[in-house]
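These notes concern the structure reproduced below.
The values are calculated or read from the model by the stated rules, or taken from the named source; none is laboratory data. This is a predicted model, so every value here is computed, not measured. Counting neighbours? That spans all protein chains shown, and the Cβs are built from the backbone with ideal geometry, glycine included. To get the accessible areas, we keep the full protein, side chains included, count just its heavy atoms, and leave off ligands, DNA and RNA. Shrake-Rupley method; radii C 1.70, N 1.55, O 1.52, S 1.80 Å.
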Amino acid sequence: MTTAIAKKFSETKKRNKAALVCYLTAGDPSLEATERIALAMARAGADIIEIGVPFSDPMADGPIIQRACERALSSGATLGGILQTVRKIKDSADVPLLLFGYCNPFYRYGTDKLAKDARAAGADGVLTVDLPPEEAGGFHSSLRQNGLDEVFLLSPNTNDGRIEAIAKMAGGFVYLVSVTGVTGSRPDMDYSGGGGLAGLVEKIREKTNLPVGVGFGISTPEQARKVAAFADAVIVGSAIMKMVEDGAEPGDIGGFVSALSAACERGREL
């Protein structure tokens, strides 16, 4: 079965474009606002949207998304409510949605139940930040049975054997974390071959035919353009959530996403 995420990557490849993956922490400042912003991003050119499930200890995330999680939890966001929001987004926009979260909320909800309910709500995949492939067997089976892609993270320090193990289980795409550290804007990154980001992407491609997306630290159209030159997807999160934190309107966030989307079109001048 060809998943919605796979279809999207096939579409962007034909357009000579890197897919733009945009992240939102669900429930910040409210689930209603999350729905409005997600629809604005879809209209503006987001190819895939990550719906972040807030958690009290988001250890992979920097201060911007940490604060977003705190606000979302304070606003009363629950996994059940987030799935209802996923359904509302999918009812209005044909955009692949990826649940992005941590083991604790998913396991408390029940992994079998989450896989079924996520599929029923219209989600297309799940990324569990702190779930290693060695411990993902049961959840992985539930996701597969329900036609959901499971996306895994790779870091610059991931060795060849581990890349191969993850590639065997992964679906949709592989998410390369651009730096050793947490999420957040970074003015300087090494985009080169060899030990730089382009080299890491090529190393991963030797182990898998899945698309490779790059995230963590990308916050400007210029950075997006540089990553789009060698990666299959450009992933942006903290820069969007900073706009949410600052009270930006959905239309303003859509404008930023539009600029990022244009930067993902290879060969186009900014």
inquiry  = Checking the structure you have, find out if any residue of the range 160-179 is within 14 Å of the chain's Cα centre (by Cα) and among the hydroxyl-bearing types (Ser, Thr, Tyr).
reply    = yes
inquiry  = Looking at ARG67, ARG15, ARG108, can you tell me which residue is more than 24 Å from GLY215 (Cα to Cα) and not small (Gly, Ala, Ser)?
reply    = ARG108
request  = State whether one or more residues within the range 149-165 are of a type in the set (Asp, Glu), out of contact with any strand residue (DSSP E or B) (no Cβ under 6 Å at 6 or more places or on another chain), without any contact (Cβ under 8 Å) to a residue 24 or more places away in the chain and surrounded by fewer than 21 Cβ atoms within 10 Å (Cβ to Cβ).
outcome  = no
task = Take the range 241-253 and flag every residue that is within 10 Å of ILE65 (Cβ to Cβ) and in contact with a Phe, Trp or Tyr (Cβ under 8 Å, 6 or more places away or on another chain).
result = MET241
Selection status of PRO105, over 16 Å from the mean Cα position of the chain (by Cα) and modelled with pLDDT of 95 or more = yes
query = Which of the residues that make up the range 198-244 are more than 28 Å from MET169 (Cα to Cα), of a type outside the set (Lys, Arg) and open to solvent by 20 Å² or more (accessible area, probe 1.4 Å)?
reply = SER219, THR220, PRO221, GLU222, MET243
message = If I filter the range 108-115 for residues that are more than 15 Å from VAL53 (Cα to Cα) and not aromatic (Phe, Trp, Tyr), do I get at least one hit?
response = yes
key: Tally, over the range 219-246, of residues that are in a loop (DSSP other than H, G, I, E, B), more than 21 Å from ILE5 (Cα to Cα) and out of contact with any helix residue (DSSP H, G or I) (no Cβ under 6 Å at 6 or more places or on another chain)   = 2
query = Quick one: ALA120 ticks every box in (1) among the aliphatic types (A, V, I, L, M); (2) within 24 Å of GLY217 (Cβ to Cβ); (3) assigned to a helix (DSSP H, G or I) bar one, so which box is it?
reply = (2)
remark   = By residue number, the members of the range 131-141 that are surrounded by fewer than 16 Cβ atoms within 10 Å (Cβ to Cβ) and not in a helix (DSSP H, G or I) are PRO132
key: Test: residue in the range 182-197 that is open to solvent by 20 Å² or more (accessible area, probe 1.4 Å), at pLDDT 95 or above and closer than 23 Å to ALA60 by Cβ   = no
